[in-house]
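Inspection log for the structure reproduced underneath, given as structure tokens.
The values are calculated or read from the model by the stated rules, or taken from the named source; none is laboratory data. Predicted model only: the values in this text are computed from it and were never measured. When we count neighbours, we look across all protein chains shown, and the Cβ atoms used for this are built from the backbone with ideal geometry, even at glycine.
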Amino acid sequence: MKTFAFAAVAAFAAFAQPAAAQHRIQPAPPPSAEDVRVIESASWLAGRWVGEGLGGELEETWAPPAGGQMVGHFRLVRDGVVVFYELCLLDVVDGGLRMRVKHVNPDFVGWEERDGWHAFDPVSVSEDALSFTGLTLRRTGEDAFEAVIAIRYADGVREETLRMRRAPM
């Protein structure tokens, strides 16, 4: 009995969170049939991708569409050292495809405010390209795509091209 009580207390402690860390889960509303159709146009992006760009090695992984959204993550590695990560969300807003991104350093300190993100707003969607303000993902083959992104540097804005190819998980 003492073993059971100890195990129960240990399990509770393992899942307990300080009051500041507790939150209520707020599920997304069910997607409309049109939202599902729009997000399905990005389904070619699902899977693991590797490539080069931004002076390093890139890795990006996307889950297939579910609930009218797609979720992905990205990392940049230079000289064997992680530079940053991104958590990415594709969803439908005003009938168009939007990408939202949260950036974090390797120590998981975020760049954006807690409830903030960087948004790439909808421009257009076609069979082989997803275009947003400041970002275009264009298929260049069955297992390849390039991302052209406008990045603000200290001396102005430059377009960077990231070339990606499908890779095994």
Flag for residue 71 being over 15 Å from residue 44 (Cβ atoms), touching a residue at least 24 places away in the same chain (Cβ under 8 Å) and surrounded by 14 or more Cβ atoms within 10 Å (Cβ to Cβ): no
message: Tell me whether region 37-52 contains one or more residues that are assigned to a strand (DSSP E or B), more than 18 Å from residue 131 (Cα to Cα), more than 17 Å from the chain's Cα centre (by Cα) and not basic (Lys, Arg).
response: yes
message: So residue 85 ticks every box in (1) under 20 Å from residue 55 (Cβ atoms); (2) surrounded by fewer than 11 Cβ atoms within 10 Å (Cβ to Cβ); (3) among the hydroxyl-bearing types (Ser, Thr, Tyr) but one. Which box is left unticked?
response: (2)
- prompt: Pairs, please: C-beta under 9 Å, at least 6 apart or cross-chain, first residue at positive phi and in region 115-143, second of a type in the set (Asp, Glu) and surrounded by 14 or more Cβ atoms within 10 Å (Cβ to Cβ)?
  reply: 134/121
- prompt: Which of the residues spanning region 32-88 are β-branched (Val, Ile, Thr), at pLDDT 95 or above and within 18 Å of residue 100 (Cβ to Cβ)?
  reply: 61, 71
field: Unique match (being of a type in the set (A, V, I, L, M, F, W, C), under 26 Å from residue 41 (Cα atoms) and in contact with a helix residue (DSSP H, G or I) (Cβ under 8 Å, 6 or more places away or on another chain)) among 135, 97
entry: 97
- line: Scanning region 53-70 residue by residue, those more than 19 Å from residue 33 (Cα to Cα) and within 13 Å of the chain's Cα centre (by Cα) turn out to be 59, 60, 61, 62, 63
field: residue 89 being in contact (Cβ under 8 Å) with a residue 40 or more places away in the chain, under 14 Å from the mean Cα position of the chain (by Cα) and either in a loop (DSSP other than H, G, I, E, B) or within 22 Å of residue 35 (Cα to Cα) (or both)
entry: no
- prompt: Tell me, which residue of region 33-50 that is on the phi < 0 side of the Ramachandran plot and not hydrophobic (A, V, I, L, M, F, W, C) is surrounded by the most Cβ atoms within 10 Å (Cβ to Cβ)?
  reply: 35
message: For region 118-153, give me each residue that is buried (at least 17 other Cβ atoms within 10 Å of the Cβ) and not in a strand (DSSP E or B).
response: 134
